[in-house]
Amino acid sequence: MKAAATKAAAGRSAGFTLVEMLVAVLLFGLIASIATTLTIGATRSFAATDGLLSALSNLEGTRAVLAADLGQAARRPSLAADGKPMPAFLLLPEGFVLVRRGVGGTLPNVEKVAWGFDGERLLRQSFPAIDGAQPGPATVMLPGVSAIRIRVASASGWQDHWQPSRPEDLPQAVEITLVRADGLPVVLKFLVAA
């Protein structure tokens, strides 16, 4: 009898019962589902963060180019493609045109640029010549823009229009309000010819 009990105990210690195996599989399944949920959450979080960082990087790059263009604005009137005179700073309903200084590697070291909005994106165009030329191809500077508002500051304060008394006059500052596709506004302010 003692031999039978010892033999039964020895057989039992050599393996697991069906109930023990089911409990182990259940615990493994719970741990795996928790780990999967955490991994999916982390992946979504990383994707959202990556999208926001990309949008912020685009905005910062656009801000830097705008600051350079407006900060180096030249008091130089130009001629439009049809030969008509243009002031040094021309404010349009959804953009502006100006001549800027400080362009390296070109003579006479100035460049005529236009900024505009096409209903979805903020665009920048360079002109191949200061006078009498059509603008070159547009470069998308900032996608995901649903609206834009541009105001200029002069001695009389902020205004939505710009009527200089002399063609070479420049505004003191420019404020650009961009409404992103998600509806949030971004307000950028720049000194002109600073």
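Here are a few things to note about the model shown:
- The residue pairs whose first member lies in region 62-81 and is at negative phi, whose second member is acidic (Asp, Glu), and whose beta carbons are closer than 8 Å, counting only pairs six or more residues apart or on different chains, are Arg75/Glu168; Arg75/Asp169; Arg76/Glu168; Pro77/Glu168; Ser78/Asp131; Leu79/Asp131.
- The residue that is modelled with the lowest pLDDT, counting only those in region 149-167 that are in a loop (DSSP other than H, G, I, E, B) and of a type in the set (A, V, I, L, M, F, W, C), is Ala155.
- Some residue of region 37-49 being part of a helix (DSSP H, G or I), touching a Phe, Trp or Tyr at 6+ places or on another chain (Cβ under 8 Å) and either of a type outside the set (Ser, Thr, Tyr) or modelled with pLDDT under 70 (or both): no
- Of the listed requirements (1) in a strand (DSSP E or B); (2) of a type outside the set (A, V, I, L, M, F, W, C); (3) within 18 Å of Gln72 (Cα to Cα), Ser146 misses just one: (3).
The values are calculated or read from the model by the stated rules, or taken from the named source; none is laboratory data. This structure is a prediction, so every number in the text was calculated from the model and none was measured. Positions of Cβ are generated from backbone atoms using ideal geometry, with glycine treated the same way; all protein chains shown enter the neighbour counts.
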